[in-house]
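Asks: Submitted below is the structure of interest, expressed as structure tokens.
The values are calculated or read from the model by the stated rules, or taken from the named source; none is laboratory data. Note that this is a predicted model, so its numbers are computed, not measured. Cβ coordinates were reconstructed from backbone atoms using ideal geometry, including for glycine residues, and neighbour counts include every protein chain displayed. The accessibility values were calculated without ligands, DNA or RNA, using every heavy atom of the protein model including side chains. Shrake-Rupley method; radii C 1.70, N 1.55, O 1.52, S 1.80 Å.
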Amino acid sequence: MNKRIYLSSPTTHGEEQKFIKEAFDTNWVAPLGANVDNFEKEMAEYINIPHAAALSSGTGAIHLALRLLELKQNDIVFVSSLTFSASCNPIMYEKAIPVFIDSEPDTWNMSPKALKRAFKKYPRAKAVIAVHLYGTPAKLDELMAICDEYNVPLIEDAAESLGATYKGQDTGTFGRMGILSFNGNKIITTSGGGMLVSREKELIDNARFLATQARDPARHYQHSQVGFNYRMSNIVAGIGRGQLLHLDEHMARKQKIYQQYKEAFADIPALKMNPLNKDGQANNWLSCVIIEDGLVNPDQIMDALEAENIECRPIWKPMHQQPVFAGYDYFPHKKELDISADIFARGLCLPSDIKNTDEDMDKIIKIVRGFFE
Ligand SMILES: *Cc1c(COP(=O)(O)O)cnc(C)c1O
């Protein structure tokens, strides 16, 4: 069998082990400790936000963000439809009601037009969760203007977009809260983990409190609120500190991969790359293509790549098309134009692993081009 070429697998560098060793040497394996404190500090500095809480997952970070907004049962939360289910599962944990918002074609992210229509129908919605899909920043100015008009907090799901910027500012730092993920396939990984970030100290202090079982300040174990076990361990944070040293390099590699694909497909009108935001800089976490004319089905390309042991993925299947979310309301970009369903039907994610060699890239490109020549 050929060597496997991955979609986006962990890339480690050695510094991770130095930070882990420090934790072992000081017998500070768990629970919190210097690596957690420093990982929070270093990440907050990197994305330029004052407060950050390191957590066990990005999903947990979204859950805490919703909990901090004190949602009540049946409160409405608007969320991008074209995303991974982790963006909206926490809405269900809180027994709130997700309402799905379509993408717009320019960036594949939350459509301001659809969001506006959603607010017309549900002016008392309690939060908006907007995703920066595949590392491309959303149209933040437009989305934030609408949130401000209705005085509703924006939670940025920046799980896929760490390091990406919009008008020079890091994604995740625009909304009232932002969430990051360090899951195994993300641009940097801690093996698994996440972070909640905000400009408001009180929110992040409260997140740390809730994430450590909500223990009141008393000698005995006293609780006045329901807590969670969502904190990141000191070992895991050590991996994150080592990875963060290489985030710039990972981004540069991802950007190069995107450019390689773009140039290789430039002469094929039927094949377009995933769009970037002209007002921002993507981290190019995953490079995707969309087939313009419907002559080739993405499944055919995925089958051909898999036959050569090359990992690829469909586009996220939109949440409004998921059996588990059947029956919840959905606002398409335009009345008769369902953008996310169309991207799902015609697109696919190409291998974007930063360990891909030029030969790997040539091999992938040759197989994809073969369908259009
Ligand atoms: C990965 C991901 C998450 C969840 O992060 P975990 O750390 O795996 O819990 C949330 N939202 C999006 C868009 C993601 O891609």
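Asks: Within the stretch 264-275, track down each residue that is out of contact with any helix residue (DSSP H, G or I) (no Cβ under 8 Å at 6 or more places or on another chain) and either part of a loop (DSSP other than H, G, I, E, B) or modelled with pLDDT under 95 (or both).
Replies: Ala266, Asp267, Pro269, Ala270, Pro275
Asks: Taking the stretch 1-33 as the search range and keeping residues that are open to solvent by 60 Å² or more (accessible area, probe 1.4 Å) and aliphatic (A, V, I, L, M), which one is farthest from Ile365 (Cα to Cα)?
Replies: Ala30
Asks: Further question on the same structure: Just checking, how many residues over the stretch 129-162 are surrounded by 24 or more Cβ atoms within 10 Å (Cβ to Cβ) and at positive phi?
Replies: Looking only at that region, the number is 2.
Asks: With the condition kept exactly as written, say whether any residue in the stretch 345-352 is more than 20 Å from the chain's Cα centre (by Cα), buried (at least 18 other Cβ atoms within 10 Å of the Cβ) and not hydrophobic (A, V, I, L, M, F, W, C).
Replies: The answer is yes; a qualifying residue exists.
Asks: Check Asn277, Asn283, Asn297 and return the single one that is farther than 17 Å from Met361 by Cα and touching a Pro at 6+ places or on another chain (Cβ under 6 Å). It would help to see each step written out before you state the result.
Replies: Working: Asn283 fails: touching a Pro at 6+ places or on another chain (Cβ under 6 Å); Asn297 fails: touching a Pro at 6+ places or on another chain (Cβ under 6 Å).
One residue alone meets the criteria, Asn277.
Asks: Run Gln321 past the list (1) over 16 Å from Ser352 (Cα atoms); (2) under 21 Å from the mean Cα position of the chain (by Cα); (3) open to solvent by less than 20 Å² (accessible area, probe 1.4 Å) and report the number of the one that doesn't hold.
Replies: If we test Gln321 against (1) over 16 Å from Ser352 (Cα atoms); (2) under 21 Å from the mean Cα position of the chain (by Cα); (3) open to solvent by less than 20 Å² (accessible area, probe 1.4 Å), just (3) comes out false.
Asks: Right, another one. Just to check your reading of the model, which residue among Arg199, Arg176, Arg215, Arg219 is open to solvent by 10 Å² or more (accessible area, probe 1.4 Å), more than 16 Å from Ser57 (Cα to Cα) and touching a Phe, Trp or Tyr at 6+ places or on another chain (Cβ under 7 Å)?
Replies: Matching residue, one of Arg199, Arg176, Arg215, Arg219: Arg215.
Asks: Filter the stretch 110-121 down to the residues that are in contact (Cβ under 8 Å) with a residue 60 or more places away in the chain and open to solvent by less than 60 Å² (accessible area, probe 1.4 Å), then identify the one that is farthest from the chain's Cα centre (by Cα).
Replies: Ranking the qualifying residues of the stretch 110-121, first place goes to Ala118.
Asks: Also, I was wondering about something else. In this structure, is Thr59 surrounded by 15 or more Cβ atoms within 10 Å (Cβ to Cβ) and either over 21 Å from His250 (Cβ atoms) or without any contact (Cβ under 8 Å) to a residue 24 or more places away in the chain (or both)? It would help to see each step written out before you state the result.
Replies: Numbers: surrounded by 15 or more Cβ atoms within 10 Å (Cβ to Cβ): yes; either over 21 Å from His250 (Cβ atoms) or without any contact (Cβ under 8 Å) to a residue 24 or more places away in the chain (or both): yes.
In short, yes.
Asks: Which one is most open to solvent (accessible area, probe 1.4 Å), of the residues in the stretch 65-85 that are more than 12 Å from the ligand (Cβ to nearest atom) and within 30 Å of Glu42 (Cα to Cα)?
Replies: Checking each candidate, the answer is Glu70.
Asks: Now a separate question. Look through the stretch 34-56, keep the residues that are at pLDDT 95 or above and of a type in the set (Gly, Ala, Ser), and return whichever of them is most open to solvent (accessible area, probe 1.4 Å).
Replies: Initially, the stretch 34-56 is screened for residues at pLDDT 95 or above, giving 35-56.
Imposing the further condition that a residue be of a type in the set (Gly, Ala, Ser) reduces the set to 44, 52-54, 56.
Values: Ala44: 8, Ala52: 4, Ala53: 0, Ala54: 0, Ser56: 51 Å².
Looking at residues that are at pLDDT 95 or above and of a type in the set (Gly, Ala, Ser), I get Ser56.
Asks: What's the total number of residues in the stretch 158-178 that are in a loop (DSSP other than H, G, I, E, B), more than 8 Å from the ligand (Cβ to nearest atom) and in contact (Cβ under 8 Å) with a residue 24 or more places away in the chain? Don't jump to the end; show me each part of the working.
Replies: Residues of the stretch 158-178 in a loop (DSSP other than H, G, I, E, B): 158-164, 167-168, 171-176.
From the residues that got through so far, the ones that are more than 8 Å from the ligand (Cβ to nearest atom) too are 158, 161-164, 167-168, 171-176.
From what's left, in contact (Cβ under 8 Å) with a residue 24 or more places away in the chain: 158, 161-164, 167, 171-176.
Residues in the stretch 158-178 being in a loop (DSSP other than H, G, I, E, B), more than 8 Å from the ligand (Cβ to nearest atom) and in contact (Cβ under 8 Å) with a residue 24 or more places away in the chain: 12 in total.
Asks: Report, by residue number, each residue of the stretch 86-106 that is in a loop (DSSP other than H, G, I, E, B), within 14 Å of the ligand (Cβ to nearest atom) and small (Gly, Ala, Ser). Break it down stepwise before answering.
Replies: Let us first name the residues in the stretch 86-106 that are in a loop (DSSP other than H, G, I, E, B), namely 88, 94-96, 102, 104-106.
Checking which are within 14 Å of the ligand (Cβ to nearest atom) leaves us with 88.
Once the filter is applied, which keeps residues that are in a loop (DSSP other than H, G, I, E, B), within 14 Å of the ligand (Cβ to nearest atom) and small (Gly, Ala, Ser), the stretch 86-106 yields nothing.
Asks: Could you please find all residues in the stretch 314-336 being assigned to a strand (DSSP E or B) and either free of Cβ contacts under 8 Å to residues at least 24 places away in the same chain or touching a Gly at 6+ places or on another chain (Cβ under 9 Å) (or both)? Walk me through how you get there before you give the answer.
Replies: Initially, the stretch 314-336 is screened for residues assigned to a strand (DSSP E or B), giving 314, 330-331, 334.
Of everything in the stretch 314-336, just one residue is assigned to a strand (DSSP E or B) and either free of Cβ contacts under 8 Å to residues at least 24 places away in the same chain or touching a Gly at 6+ places or on another chain (Cβ under 9 Å) (or both), namely Pro314.
Asks: With the condition kept exactly as written, say whether any residue in the stretch 263-273 is open to solvent by 10 Å² or more (accessible area, probe 1.4 Å), among the β-branched types (Val, Ile, Thr) and over 16 Å from the mean Cα position of the chain (by Cα).
Replies: Yes: one or more hits.
Asks: Let me ask something else. Pick out the one residue from Asn356, Asn284 that is touching a Gly at 6+ places or on another chain (Cβ under 9 Å), of a type outside the set (Val, Ile, Thr) and within 24 Å of Asn183 (Cβ to Cβ).
Replies: On the way: Asn356 fails: touching a Gly at 6+ places or on another chain (Cβ under 9 Å).
After applying the criteria, what remains is Asn284.
Asks: Where residues in the stretch 179-196 are in a strand (DSSP E or B) and either away from the ligand (no atom under 11 Å from the Cβ) or of a type in the set (Ser, Thr, Tyr) (or both), which of them is surrounded by the fewest Cβ atoms within 10 Å (Cβ to Cβ)? Walk me through how you get there before you give the answer.
Replies: Narrowing the stretch 179-196 to residues in a strand (DSSP E or B): 179-181, 183, 191, 194-196.
When the remaining residues are screened for being either away from the ligand (no atom under 11 Å from the Cβ) or of a type in the set (Ser, Thr, Tyr) (or both), the result is 181, 191, 196.
Values: Ser181: 30, Ser191: 15, Leu196: 29.
Out of the qualifying residues, it is Ser191.
Asks: Scanning for something part of a strand (DSSP E or B) and open to solvent by less than 70 Å² (accessible area, probe 1.4 Å), does the stretch 240-248 turn up at least one residue? Explain how you work it out, then say what you get.
Replies: Within the stretch 240-248, the first condition is being part of a strand (DSSP E or B), and the residues that meet it are none.
No: zero hits.
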